[in-house]
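K.L.:
The structure is given below, and queries will be raised subsequently.
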Amino acid sequence: MKFNHLAASLLLLLSIAAQAQTPAPAIKPAAPAVKMPPQPPDVAAQKFGPDGKVNPGFAAAHERFVKIAQEGKAQLVFLGDSITAGWGKQMEIWDKAFGQYTPANFGIGGDRTQHVLWRITNGELDGIKPRAAVLMIGTNNTSTDTAEGIAKGVTVIVETIRAKQPQAKILLLAVFPRGEKASPNPGRDKLKQVNAIIAKLDDGKNVHFLDIGEKFLQPDGSLTKEIMPDFLHLSAAGYQIWADAISPKLAELMK
């Protein structure tokens, strides 16, 4: 009995020692971010995540918009980024202002000019014959592109809409002001340069440029949280200003 007990104890000690010498499993390091090549603002491109793969939210929204287009019902299309997408949370204002036109909102948060360009060349303008399109894009390009580059991206989008939907009137909006103060505000200054360039796309017939930016501003040029809570995205009050500002022109274009 003593021998069996001694052997069992010895085996237990050997097992503990072996476990102590067994290295812990290595922790698999996180996959490094994939460095993507720069995306020119006037060349169609999908939106990629840090893993180098197409952003799933972007892909899902695009697929949804393509299906809406294929239904062939929309007579008015809004194209843009998160500021446009935000209409989805202001449906009461949206329906009252635009519901009579059978509108479609093709806004995706974080989009830049190259992303909108990719979307409209890959199905979002196929299957429909809208009377008008409202375009406002470019604010997300300010950190990476020059004013001239951003304006070139907007120009190519306008040209693509004209080519794919020649019957549609384009209401090209100046990119909205951003940042609390008027000065110093490099981002807002750059967008003013963009707007000055794209204003020249107005031909009085097919493309109509409209700058409603001042309607969001205080007399000193500042933005308030009541209109833009983060000094970029609109509140309900901000969307009401937007709706009121473009409704007369839209009524004219939708005839």
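The values are calculated or read from the model by the stated rules, or taken from the named source; none is laboratory data. All values reported here derive from a predicted model rather than from experimental measurement. Don't worry about glycine lacking a Cβ; one is built from the backbone with ideal geometry, like all the others, and counts go over all protein chains shown.
K.L.:
With respect to Ala85, determine if the residue is without any contact (Cβ under 8 Å) to a residue 24 or more places away in the chain, out of contact with any Phe, Trp or Tyr (no Cβ under 8 Å at 6 or more places or on another chain), in a helix (DSSP H, G or I) and within 12 Å of Ile108 (Cα to Cα).
P.N.:
No.
K.L.:
For the stretch 127-141: of the residues being part of a loop (DSSP other than H, G, I, E, B) and of a type in the set (A, V, I, L, M, F, W, C), which is surrounded by the most Cβ atoms within 10 Å (Cβ to Cβ)?
P.N.:
Ile137
K.L.:
So, one more: Would you please name the residue that is nearest to Lys249 (Cα to Cα), looking only at residues in the stretch 77-103 that are buried (at least 21 other Cβ atoms within 10 Å of the Cβ) and hydrophobic (A, V, I, L, M, F, W, C)?
P.N.:
Phe98
K.L.:
Name the residues in the stretch 219-235 that are within 18 Å of Met136 (Cα to Cα) and small (Gly, Ala, Ser), would you?
P.N.:
Within the stretch 219-235, Ser235 is the sole residue that qualifies.
K.L.:
Tell me, which residue of the stretch 48-76 that is among the small types (Gly, Ala, Ser) and in a helix (DSSP H, G or I) is surrounded by the fewest Cβ atoms within 10 Å (Cβ to Cβ)?
P.N.:
First pass over the stretch 48-76, keeping only residues among the small types (Gly, Ala, Ser): 49, 52, 57, 59-61, 69, 72, 74.
With the extra rule that they be in a helix (DSSP H, G or I), the set shrinks to 57, 59-61, 69.
Values: Gly57: 13, Ala59: 13, Ala60: 11, Ala61: 20, Ala69: 21.
So the residue we want is Ala60.
Matching residues to (1) more than 24 Å from Met228 (Cβ to Cβ); (2) at pLDDT 95 or above; (3) of a type in the set (Ser, Thr, Tyr):
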position	(1), (2), (3)
Val34	yes, no, no
Lys47	no, yes, no
Phe65	yes, yes, no
Trp87	no, yes, no
Val116	no, yes, no
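K.L.:
Does at least one position in the stretch 183-194 carry a residue that is out of contact with any strand residue (DSSP E or B) (no Cβ under 6 Å at 6 or more places or on another chain), surrounded by 18 or more Cβ atoms within 10 Å (Cβ to Cβ), part of a loop (DSSP other than H, G, I, E, B) and not basic (Lys, Arg)? I'd like the intermediate steps shown before the answer.
P.N.:
Looking only at the stretch 183-194, we keep the residues that are out of contact with any strand residue (DSSP E or B) (no Cβ under 6 Å at 6 or more places or on another chain), and these are 183-194.
Right, trim to surrounded by 18 or more Cβ atoms within 10 Å (Cβ to Cβ) and you get 185, 188, 190-191, 194.
Narrowing further to those that are part of a loop (DSSP other than H, G, I, E, B): 185.
Next, from what is left, pick out any that are not basic (Lys, Arg): 185.
Yes, the stretch 183-194 contains a residue that is out of contact with any strand residue (DSSP E or B) (no Cβ under 6 Å at 6 or more places or on another chain), surrounded by 18 or more Cβ atoms within 10 Å (Cβ to Cβ), part of a loop (DSSP other than H, G, I, E, B) and not basic (Lys, Arg).
K.L.:
Against the definition (among the acidic types (Asp, Glu) and without any contact (Cβ under 8 Å) to a residue 60 or more places away in the chain), how does Glu124 come out, yes or no? Lay out the reasoning, then the answer.
P.N.:
Numbers: among the acidic types (Asp, Glu): yes; without any contact (Cβ under 8 Å) to a residue 60 or more places away in the chain: no.
Considered against the rule, which asks whether it is among the acidic types (Asp, Glu) and without any contact (Cβ under 8 Å) to a residue 60 or more places away in the chain, Glu124 comes out as no.
K.L.:
Kindly list the number of the only condition in (1) surrounded by fewer than 18 Cβ atoms within 10 Å (Cβ to Cβ); (2) in contact with a helix residue (DSSP H, G or I) (Cβ under 6 Å, 6 or more places away or on another chain); (3) in contact (Cβ under 8 Å) with a residue 40 or more places away in the chain that fails for Val154.
P.N.:
Failing condition for Val154: (1).
K.L.:
Moving to a separate point now. Quick one: which residue in Phe216, Phe231 is of a type in the set (Phe, Trp, Tyr) and touching a Leu at 6+ places or on another chain (Cβ under 6 Å)?
P.N.:
Values: Phe216 fails: touching a Leu at 6+ places or on another chain (Cβ under 6 Å).
After ruling out the rest, the residue left standing is Phe231.
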